[in-house]
Amino acid sequence: LFPMPRPDQLSAFYQNYHAAGSFEAKAEKKIFRASRRIRPLMLLTKGRRFLDVGGSIGTAAEAARRLGFEASSIELDEAAVEKGRELFPDGKHVVGVIDDLPTDEKFDLIFLAEIIEHVIDPEGLARSVFDRLGTGGIVFLTTPDASHFRRPRDFMTWKSVKPPEHLTLFTRKGLRALFAKAGFSPIFFKPHVKPGARMIARRPRA
């Protein structure tokens, strides 16, 4: 998107963005879905510190907590965070963005589901995720896949083209280049029949 919105404009846009009341009705379904994603990722990391970035009311963090993680969620939408604290008091729910977390607070698994397309500085986000992963930690990322064979030929008719929500759209090649530049290795993608990328990347152990 050009021109990009200012950070204060973006923050204002996302207040009450999640319609936290309607999300509450779907909470258990979202927890179940997140659990199905998190469970196989547990085989890739021995640590049990979990962070969901852009976590809305905190359903992914709650799923991770139920699976045995020390789970945190960070989210710009204050109403969503308040709802998460009410529904899931055993988790940690923080208002803000990942850069608001101290760099010495490390995680073993960072969840980045449908987030990177929303941010002004994707490269900065990739670096911030890298910095907050412990050695050998992994990030699980989902985002629309502009290189997918099921993406409409006329790019502008694709439903994922929707400013100002989606600011940057990626191909798998672009995601790989972005996260490799931030220091991640290896980087691989799970197959997906829908036009969305599912990426797993590791902060190297050495």
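The values are calculated or read from the model by the stated rules, or taken from the named source; none is laboratory data. None of the values given here were measured: they were computed from a predicted structure. With ideal geometry, Cβ positions are generated from the backbone for all residues, glycine too; neighbour counts draw on all protein chains shown. Keep in mind that these areas ignore ligands, DNA and RNA; they rest on the heavy atoms of the full protein, side chains included. Shrake-Rupley method; radii C 1.70, N 1.55, O 1.52, S 1.80 Å.
Hey, quick one: spin label on His192, modelled 7 Å out along Cα-Cβ, who in the stretch 40-80 has an amide N within reach, i.e. under 18 Å? Backbone N within reach: 40-42, 52-56, 60-61. State the answer as a single residue: which of Gly124, Ile31, Ala206 lies farthest towards the positive end of the charge dipole of the chain, with beta carbon charges of +1 for Lys and Arg and -1 for Asp and Glu, about the Cα centre. With unit charges placed on the Cβ atoms, the residue in question is Ala206.
Net length available on complete extension from Lys29 to Ser11 is 3.7 nm, with 0.36 nm assigned per residue and the Cα-Cα distance removed. Taking the 1.4 Å solvent-accessible surface of the chain as the whole, the part contributed by carbon and sulfur is 55%.
Dipole check for the stretch 56-127: with +1 at the C-beta of Lys and Arg, -1 at the C-beta of Asp and Glu, and the Cα centre as origin, the magnitude is about 320 Debye.
Between Arg205 and Arg66, the modelled label-to-label distance comes to 3.2 nm, taking each label 7 Å out from Cα in the direction of the beta carbon. Using only side-chain charges placed at the Cβ, +1 for Lys and Arg and -1 for Asp and Glu, the dipole size of the stretch 105-206 relative to its Cα centre rounds to 480 debye.
Label-to-label distance for Glu165 and Glu82 is 2.3 nm, based on points extended 7 Å past Cα in the beta-carbon direction. With Cα atoms defining each centre, the stretch 58-75 and the stretch 78-121 are spaced 10 Å apart in the structure. When DSSP beta bridges are restricted to pairs lying wholly in the chain, around 35% turn out antiparallel. Determine the percent antiparallel among the DSSP beta bridges restricted to the stretch 91-206, to the nearest 5. If I count the DSSP bridges inside the stretch 91-206, around 60 percent turn out antiparallel. Ordering 91-100, 181-190 by mean Cβ neighbour count within 10 Å, with the highest value first, yields 91-100, 181-190. In units of the rule-of-thumb radius 2.2 N^0.38 Å, the stretch 100-203 shows an alpha carbon radius of gyration of 1.08. Here the gap between Asp154 and Ala180, fully extended at 0.36 nm per residue and compared with their Cα-Cα distance, gives a gain of 6.4 nm. Kirkwood analysis of the stretch 117-171, using all unique Cα-Cα pairs, places the hydrodynamic radius at 12.9 Å.
For the chain, pairs of C-alpha atoms spaced more than 29 angstrom apart make up 20 percent of the total. Taking 0.36 nm per residue of separation and subtracting the current Cα-Cα distance, fully stretching the chain between Arg39 and Asp131 would add 30.7 nm.
Only alpha carbons enter this Debye calculation for the stretch 1-110, each as an equal point scatterer, and the log10 of I(q)/I(0) it gives at q = 0.22 Å⁻¹ is -1.16.
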